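To start, the structure under review is shown below, and the notes come after it.
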């Protein structure tokens, strides 16, 4: 596990029209680790996640103050291209969202957009990405069939493969297992463990057992503020702040 901050927010404030959704959030994301974001619904954790690759830019009336750093550079600087940024910082959503095209074309889509056209090279990227997403053995004989024919768990791993195909540094996951059954969820958690040796992962989860199982660090959000951040094991066994303890022990949320 690295001690280097791959990403970091400093005094991050986010406003939707008149409402302040994030309040002074300063938060480190360590390289090659899994960081979990927990907290009750509507507490700002998904909003925070979306600031890390500027997904909130598309929502009208959003204003941001403070900094979000990737390798010590502010991703909100005027010269940063959000399209290039989202290649470096990929996103996996709550519901699997494969494109209505073949498994192969789902994976090749991103590399093609970024100028990779060579067939052999694309074949290699598709295989490598599916291998890395622990899906290759299940789909290698049906690459040219529709991705929509896959099960929910397979679709979510396909979406992860699609993110990996453009060679990101950071992977954001917004409740990636909430639509999955327990077996698919276990496979996804295994995959997250494997991926952190090569990538930095930030995951929003409602499931505290999941946060405890998959993450190295945890941040607890409440009403737009980050109340507590620590090593996951410490957070779940000896939280420093009463609100964290109340949430973890099920007194509210």
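The values are calculated or read from the model by the stated rules, or taken from the named source; none is laboratory data. As the structure is a prediction and not an experimental result, all values here were calculated from the model. Here Cβ is always computed from backbone atoms with ideal geometry, including for glycine, and neighbour counts include all displayed protein chains.
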Subject >> Filter result for the condition that a residue is out of contact with any helix residue (DSSP H, G or I) (no Cβ under 8 Å at 6 or more places or on another chain) and either modelled with pLDDT under 95 or under 25 Å from residue 71 (Cα atoms) (or both), over 218, 200 >> reply: 200
**OP:** Confirm whether residue 195 is under 16 Å from residue 29 (Cβ atoms), modelled with pLDDT of 95 or more and buried (at least 18 other Cβ atoms within 10 Å of the Cβ).
**Re:** yes
Original post:
Among the residues of the stretch 118-139, which ones are without any contact (Cβ under 8 Å) to a residue 60 or more places away in the chain and either assigned to a loop (DSSP other than H, G, I, E, B) or more than 20 Å from residue 199 (Cα to Cα) (or both)?
Top reply: 118, 119, 120, 121, 122, 123, 133, 135, 137, 138, 139
**OP:** Look at residue 246 and say whether it is within 30 Å of residue 14 (Cβ to Cβ) and under 18 Å from the mean Cα position of the chain (by Cα).
**Re:** no
Original post:
Does the stretch 140-184 hold any residues that are closer than 30 Å to residue 4 by Cβ and part of a helix (DSSP H, G or I), and which are they?
Top reply: 156, 157, 159, 160, 161, 162, 163, 164
Subject >> Subset of the stretch 236-253 [in contact (Cβ under 8 Å) with a residue 40 or more places away in the chain and either buried (at least 18 other Cβ atoms within 10 Å of the Cβ) or farther than 17 Å from residue 207 by Cβ (or both)] >> reply: 247, 248
Original post:
residue 223: more than 29 Å from residue 160 (Cα to Cα), touching a residue at least 24 places away in the same chain (Cβ under 8 Å) and either surrounded by 17 or more Cβ atoms within 10 Å (Cβ to Cβ) or out of contact with any helix residue (DSSP H, G or I) (no Cβ under 8 Å at 6 or more places or on another chain) (or both), yes or no?
Top reply: yes
Original post:
Taking residue 115, is it assigned to a strand (DSSP E or B) and under 30 Å from residue 144 (Cα atoms)?
Top reply: no
Original post:
Do we have residue 233 as surrounded by fewer than 23 Cβ atoms within 10 Å (Cβ to Cβ) and either at pLDDT 95 or above or within 27 Å of residue 110 (Cβ to Cβ) (or both) here?
Top reply: yes
